[in-house]
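Novice: Below you will find the structure I want to go over with you.
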Amino acid sequence: MKVIVDHARCQGHALCMLKAPQVYQLNDDGYNSMPPTEVPPELEEQARLGAINCPEGAIRLDKRAAD
Amino acid sequence: MSYQVHQAAQRLETIPPHVPADRVVELDYFSPPGVTEDPHLAWKRLHDGPDIVYTPYYGGHWIVTRADDMFAVMQDYETFSNWEFTVPKRGPGNPVLMPNQLDPPRHGPIRSVVLRPMSPKAVEPIEPVIRKIMADRIASIVPKGGCEFVSEFGGDIPPELFFEHARIPKDKLPEMKRFADAVARSDNEEDRRAARIGGANYMMAILDERRQVEELDDDVFSVIVRAEREGRITREESTSIALNVFFGGLETVSSALAFIVLFLARNPAHRRQLIEDGSLTQDATEEFLRRFGILNLARIATKPTTFKGLTIEQGEQVLLPLHLAGLDERKFPNPLEVDFHRKRAGHFNFGTGPHRCLGSNLARPEIRIFIEEWLRQIPDFSVDPDDKPVGASGVAMTMTRVPLVWPSR
Ligand code: HEM
Ligand code: SF4
């Protein structure tokens, strides 16, 4: 699974990082600027938790398997 | 003193013709019926009616009650401006708060000045200081066997922590607190305006001191002065930003602490959960923020618009009771229940859109550390059976009185 953060939507609520620190990190300004990232299976649940907690709906999960 | 006295005279005599009769409610948002017993439940009654209503108080304004609609309003800054972000309109003669009152595109560059010192990374290193201040203050009231939380504890902590965060000399604290108290608690608009102006002048003096410093640090006031030196902002903008970051974190945090301590006083089972599992406090903080939202913010329509089939005229204000978003059962099942194991937080207590609270990364650890330290030192406490908590509404939902008792040692 891939996480894709819409940087234009991110407002730096930090909830993604609070809920899933192993998946999401914020930059020095406090925004999520991570590039599209493949998530290992054991972190998928966390990644999902971070995404549903984002108040801006800025995180998209792409479930197609990586090739 | 109370929050309840306002310019009720500003109630509109006649409802404007574009407002459908079935949307009109008689609601002075400073005193919804039942507010003294429980401010959140008093507001929650609005969810029994239409999603968007109109009240004739304060010159007449709309109230958006559901999470999805609030989200839409806060994201559409071109239609709904932040210039008048509280009801009633402040009008001219008040110091401007930046970035809060600005709209994009001016908003972003001003906000970016203070982003870094307000980020999670910048706040983390001062957590031990927050903990020490919190622990010492709690230790000082433990022997009393009880306290009136709001006057003896809650109100003093946030300004002290902010001064620590911004590295402002402590001798400036008492004077600044006096202005802050008057802004928050005076029941008279003239006094509030005077306190805002007094606070602004005092803030300018604090900034002037910082301007003398050659080697500036990375704290919030230093980055403001550095931006000024680099010509990115003017002196007036410096003051506006400093005022916003200072005043933004006072009543909001102290009100949150008051709601949380009251809930914990009444719910020993929840206390036990937190005491037995220390890893829960982070999720508990988020759940409390959802359940006990604070602000009643507003926007002002920049042009005539149609929203959900309603006509909103240019210059009309739309009130956003952000605390109701967290209590919206369309988003959160059993919203009144406090459940530390909820999967979804996603509340709007810190807003949404470009103005997302700049202080949220400071507010969260303040609240979390408060819960941890309070329960460590006062694990067993309750509401004083001979007294009564008192709630209030306004720009901030708050408790004006939370009498507590605990077994003295
Ligand atoms: C529980 C505590 C807090 C709550 C509930 C809260 C809530 C909010 C909300 C809802 C907004 C959005 C305003 C809008 O959309 O017009 C906001 C903005 C802001 N808050 Fe907070 N806040 C809290 C604590 C703090 C603290 C501790 C600080 C500073 C140290 C702070 C500083 C600010 C500033 C500067 C803004 C304006 C940001 C902008 O317009 O870009 N807040 N806050
Ligand atoms: S929760 Fe959403 S808005 Fe907040 S930092 Fe993460 S991606 Fe950005």
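The values are calculated or read from the model by the stated rules, or taken from the named source; none is laboratory data. These figures come from a predicted structure and were not determined experimentally. Glycine also receives a Cβ, built like all others from the backbone with ideal geometry; neighbour counts cover every protein chain displayed. The protein model used for the area step is the full one, side chains on, heavy atoms only, and it has no ligands, DNA or RNA in it. Shrake-Rupley method; radii C 1.70, N 1.55, O 1.52, S 1.80 Å.
Novice: Name the single residue, out of those in segment B:296-319 being out of contact with any Asp or Glu (no Cβ under 9 Å at 6 or more places or on another chain), of a type in the set (A, V, I, L, M, F, W, C) and within 16 Å of ligand 1 (Cβ to nearest atom), that is nearest to B:A396 (Cα to Cα).
Specialist: B:L297
Novice: Please find, within segment B:339-357, the residue that is nearest to B:H270 (Cα to Cα) out of those that are open to solvent by 20 Å² or more (accessible area, probe 1.4 Å) and more than 9 Å from every other protein chain (Cβ to nearest Cβ).
Specialist: Among them, the one singled out is B:D339.
Novice: Could I ask something else about it? I'm checking my understanding of the structure. Among residues of segment A:27-37 that are surrounded by fewer than 21 Cβ atoms within 10 Å (Cβ to Cβ) and of a type outside the set (D, E, K, R), which one is farthest from the chain's Cα centre (by Cα)?
Specialist: If we filter segment A:27-37 for residues that are surrounded by fewer than 21 Cβ atoms within 10 Å (Cβ to Cβ), which is where we start, we get A:27-29, A:31, A:33-37.
Keeping just the survivors that are of a type outside the set (D, E, K, R) gives A:27, A:31, A:33-37.
On the way: A:N27: 13, A:Y31: 11, A:S33: 10, A:M34: 8, A:P35: 10, A:P36: 9, A:T37: 9 Å.
Restricting to residues being surrounded by fewer than 21 Cβ atoms within 10 Å (Cβ to Cβ) and of a type outside the set (D, E, K, R), the top hit is A:N27.
Novice: Sticking with this one: Going by the conditions given, is A:Y24 within 16 Å of ligand 1 (Cβ to nearest atom) and modelled with pLDDT of 95 or more? Explain how you work it out, then say what you get.
Specialist: Values: within 16 Å of ligand 1 (Cβ to nearest atom): no; modelled with pLDDT of 95 or more: yes.
Considered against the rule, which asks whether it is within 16 Å of ligand 1 (Cβ to nearest atom) and modelled with pLDDT of 95 or more, A:Y24 comes out as no.
Novice: Sticking with this one: Could you name every one of the helices (runs of 4 or more DSSP H) located completely within segment B:104-145 that has at least 1 residues being within 14 Å of chain A (Cβ to nearest Cβ) and small (G, A, S)? Don't jump to the end; show me each part of the working.
Specialist: On the way: elements: B:107-114, B:120-123, B:127-141.
Ranges flagged: B:107-114, B:120-123.
Novice: Hey, another quick one. For residues in segment B:10-69 being hydroxyl-bearing (S, T, Y) and open to solvent by 20 Å² or more (accessible area, probe 1.4 Å), which is nearest to B:E84 (Cα to Cα)?
Specialist: Pass one, segment B:10-69, residues hydroxyl-bearing (S, T, Y): B:14, B:29, B:31, B:36, B:54-55, B:57-58, B:65.
Of the ones still in play, those that are also open to solvent by 20 Å² or more (accessible area, probe 1.4 Å) are B:14, B:31, B:36, B:57.
Working: B:T14: 23, B:S31: 21, B:T36: 27, B:Y57: 16 Å.
By that ranking, first place goes to B:Y57.
Novice: Same structure again: Scan segment A:13-61 for residues that are facing chain B (nearest Cβ under 9 Å) and not in a helix (DSSP H, G or I) and report the count.
Specialist: Residues meeting the conditions: 12.
Novice: Something else now. Could you tell me whether B:M98 is open to solvent by less than 10 Å² (accessible area, probe 1.4 Å), within 18 Å of the chain's Cα centre (by Cα) and not small (G, A, S)?
Specialist: Spelling it out, it is not the case that B:M98 is open to solvent by less than 10 Å² (accessible area, probe 1.4 Å), within 18 Å of the chain's Cα centre (by Cα) and not small (G, A, S).
Novice: Is segment B:271-279 home to any residue that is hydroxyl-bearing (S, T, Y) and either surrounded by 23 or more Cβ atoms within 10 Å (Cβ to Cβ) or within 15 Å of ligand 1 (Cβ to nearest atom) (or both)?
Specialist: The first filter runs over segment B:271-279 and keeps only residues hydroxyl-bearing (S, T, Y), leaving B:279.
Imposing the further condition that a residue be either surrounded by 23 or more Cβ atoms within 10 Å (Cβ to Cβ) or within 15 Å of ligand 1 (Cβ to nearest atom) (or both) reduces the set to none.
Looking for residues that are hydroxyl-bearing (S, T, Y) and either surrounded by 23 or more Cβ atoms within 10 Å (Cβ to Cβ) or within 15 Å of ligand 1 (Cβ to nearest atom) (or both), one finds none in segment B:271-279, hence no.
Novice: Follow-up question, since we're still on this one. Is there any pair with a first residue in segment A:44-64 that is under 21 Å from B:L289 (Cβ atoms) and a second that is among the basic types (K, R) and buried (at least 20 other Cβ atoms within 10 Å of the Cβ) whose Cβ atoms are under 6 Å apart and which are 6 or more apart or on different chains, and what are they?
Specialist: A:L49/A:K19; A:G50/A:K19; A:N53/A:K19
Novice: Sticking with this structure for a sec: Kindly indicate whether B:F259 is within 15 Å of ligand 1 (Cβ to nearest atom) and surrounded by fewer than 19 Cβ atoms within 10 Å (Cβ to Cβ). Steps first, please.
Specialist: Numbers: within 15 Å of ligand 1 (Cβ to nearest atom): yes; surrounded by fewer than 19 Cβ atoms within 10 Å (Cβ to Cβ): no.
It is false that B:F259 is within 15 Å of ligand 1 (Cβ to nearest atom) and surrounded by fewer than 19 Cβ atoms within 10 Å (Cβ to Cβ).
Novice: Exactly one of these conditions fails for B:E251: (1) of a type in the set (D, E, K, R); (2) over 21 Å from the mean Cα position of the chain (by Cα); (3) modelled with pLDDT under 95. Give me its number.
Specialist: So B:E251 meets the others, but not (2).
A quick yes/no check of all residues on (1) of a type in the set (D, E, K, R); (2) in contact with a strand residue (DSSP E or B) (Cβ under 7 Å, 6 or more places away or on another chain):
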{"residue": "B:V183", "(1), (2)": "no, no"}
{"residue": "B:D217", "(1), (2)": "yes, no"}
{"residue": "B:E251", "(1), (2)": "yes, yes"}
{"residue": "B:S255", "(1), (2)": "no, yes"}
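Novice: Which pairs do you get when a residue that is at negative phi, found in segment B:14-25, comes within reach of a residue that is part of a loop (DSSP other than H, G, I, E, B), reach meaning Cβ atoms under 6 angstrom, with the pair 6+ apart or on two chains?
Specialist: Within 6 Å, the pairs are B:R23/B:P50; B:V24/B:I15.
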